[in-house]
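The values are calculated or read from the model by the stated rules, or taken from the named source; none is laboratory data. Just so it is clear, the model here is predicted, and its values are computed rather than measured. Because the Cβ atoms are built from the backbone with ideal geometry, glycine has one as well, and the counts that use them run over all protein chains shown. To get the accessible areas, we keep the full protein, side chains included, count just its heavy atoms, and leave off ligands, DNA and RNA. Shrake-Rupley method; radii C 1.70, N 1.55, O 1.52, S 1.80 Å.
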Amino acid sequence: MTEHDPAPTDPHILQGFATRAIHAGQAFDPTTGAVTPPVYLTSTFVQRAIGDLRGGYEYARGGNPTRDALQDQLASLESGARAFSFASGLAAEDALLRAVLSPGDHVLMGNDVYGGTHRLVRRIFGRWQVGLTTVELSDVDATRAALETLKPRVLWLETPSNPLMKITDITALAELAHAVGALVVVDNTFATPYLQQPLVLGADVVVHSTTKYLGGHSDVLGGAVVTNDLELAEQVQFHQFAAGAVSGPMDAWLTTRGIKTLAVRMDRHSANAQAIAEAVVGHGAVSRVYYPGLPEHPGHELAARQMRGFGGMLSLELAGGAAAARAFAEGLRVFSLAESLGGVESLVNYPSEMTHASVRGTELEVSDAIIRLSVGIEDVDDLLDDVRQSLAAL
């Protein structure tokens, strides 16, 4: 640990989630008593003498108090020993993969993941002779066979998955992966640490696009890596410092501010999404609803066991195909047609031409009849009315 890392005896570790979200890494300013820690907008730090650093700070790429406060907060919420804040979610994934992969290694991931993750491994790391295989992770036997055959360096899980909301048994697959020496990485962006704790369930690393639910207000870009493996943490820290994909202090502060309301926001996101999913099941214009909170969802029971709630993301398959999906997405009035997710406002996304355009022609290609909803925290009746009027117009 560096001298500004949280101590293992930090009392926040013993407190509830919402309390830690508000207080972990957020000690008041000792000089003024300001209840909100200041934003350290500085690129460098004055040394007492050559090599005699104040608080361990030398240059902002290597460390910044505002970024460290966010990292302490993230580690606490994910029950991790170390956390690192990056300029984006993909920057976080890139640094982690650089830290653990070598030419000739293999990555095994689910057949439904964020398109940018698949693109990163396939097109960037693929040129570095890193292999990539996808598998149906909800099929434990198929996953076991792939693990035993490929012996991958990394098993990459995304649960719930994007955009089909598949649920993966983190504990079961972590045991299988560890048996062949694989590192288990879970993208916890959709669930957030409030709804799901992958490290507690057996994963080795958690990654986030903090742009989404953690920031929560569609006003900041960021990513995170969290782990309990101190040796791996040192490697990630080195790659972050050497390559420089750090979050800026203002971005870190905005993310910290968003995290403080994460618990109450996720409760509302989940409740609103559940109401919409239940309202559209059986609608003539909708052939399928992908939401783990529905009893008929194939991963419902597993999600109920490993998650606190079912989250704010759901996808719909429109019976009228691509034309209906486009018309529905463009006919919404409260939901905004935009990339991204996890903000307080509701968004609609057309994956096949937006977030997952990069996986066209691969086994991850998303049907053009599917739209994805990021359900916000507006009044649920307004959201329901919006969905119903757009469906009625088809």
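Worth a mention:
- Residue in segment 1-10 that is part of a loop (DSSP other than H, G, I, E, B), at pLDDT 95 or above and open to solvent by less than 50 Å² (accessible area, probe 1.4 Å) present: no
- Test result for Val46, modelled with pLDDT of 95 or more and either open to solvent by 80 Å² or more (accessible area, probe 1.4 Å) or out of contact with any helix residue (DSSP H, G or I) (no Cβ under 7 Å at 6 or more places or on another chain) (or both): yes
- If you go through segment 337-367 and keep only what is open to solvent by 30 Å² or more (accessible area, probe 1.4 Å), closer than 21 Å to Ala279 by Cβ and out of contact with any helix residue (DSSP H, G or I) (no Cβ under 8 Å at 6 or more places or on another chain), you end up with just Glu345.
- Matching residues, segment 295-325, being farther than 15 Å from Lys166 by Cα and crowded, with 18+ Cβ neighbours inside 10 Å: Arg308, Leu318, Ala324, Ala325
- Strands (runs of 3 or more DSSP E) (entirely within segment 60-160) containing at least 2 residues that are open to solvent by less than 10 Å² (accessible area, probe 1.4 Å) and within 27 Å of Val39 (Cβ to Cβ): 82-86
- Residue match in segment 190-197 (condition: touching an Asp or Glu at 6+ places or on another chain (Cβ under 9 Å) and aliphatic (A, V, I, L, M)): no
- Residue check for Asp68: under 24 Å from Glu158 (Cα atoms) and touching a residue at least 24 places away in the same chain (Cβ under 8 Å): no
- Counted residues, segment 326-336 - those being more than 29 Å from Gly223 (Cβ to Cβ), open to solvent by 40 Å² or more (accessible area, probe 1.4 Å) and either hydrophobic (A, V, I, L, M, F, W, C) or touching a residue at least 60 places away in the same chain (Cβ under 8 Å) (or both): 1
- Test: residue in segment 273-294 that is within 30 Å of Gln26 (Cβ to Cβ) and either open to solvent by 50 Å² or more (accessible area, probe 1.4 Å) or in contact (Cβ under 8 Å) with a residue 12 or more places away in the chain (or both): yes
- Filtered residues of segment 23-37 (kept if in a loop (DSSP other than H, G, I, E, B), surrounded by 10 or more Cβ atoms within 10 Å (Cβ to Cβ) and of a type outside the set (Phe, Trp, Tyr)): Ala24, Gly25, Gln26, Ala27, Asp29, Ala34, Thr36, Pro37
- Under the condition of being more than 16 Å from Glu330 (Cα to Cα) and touching a strand residue (DSSP E or B) at 6+ places or on another chain (Cβ under 7 Å), the residues counted in segment 356-374 number 3.
- Filtered by the rule that a residue be farther than 19 Å from Gly248 by Cβ and of a type in the set (Ser, Thr, Tyr), segment 15-44 gives Thr19, Thr31, Thr32.
- Taken over segment 368-394, the criterion of being polar (S, T, N, Q), over 23 Å from the mean Cα position of the chain (by Cα) and surrounded by 17 or more Cβ atoms within 10 Å (Cβ to Cβ) is satisfied by Ser390 alone.
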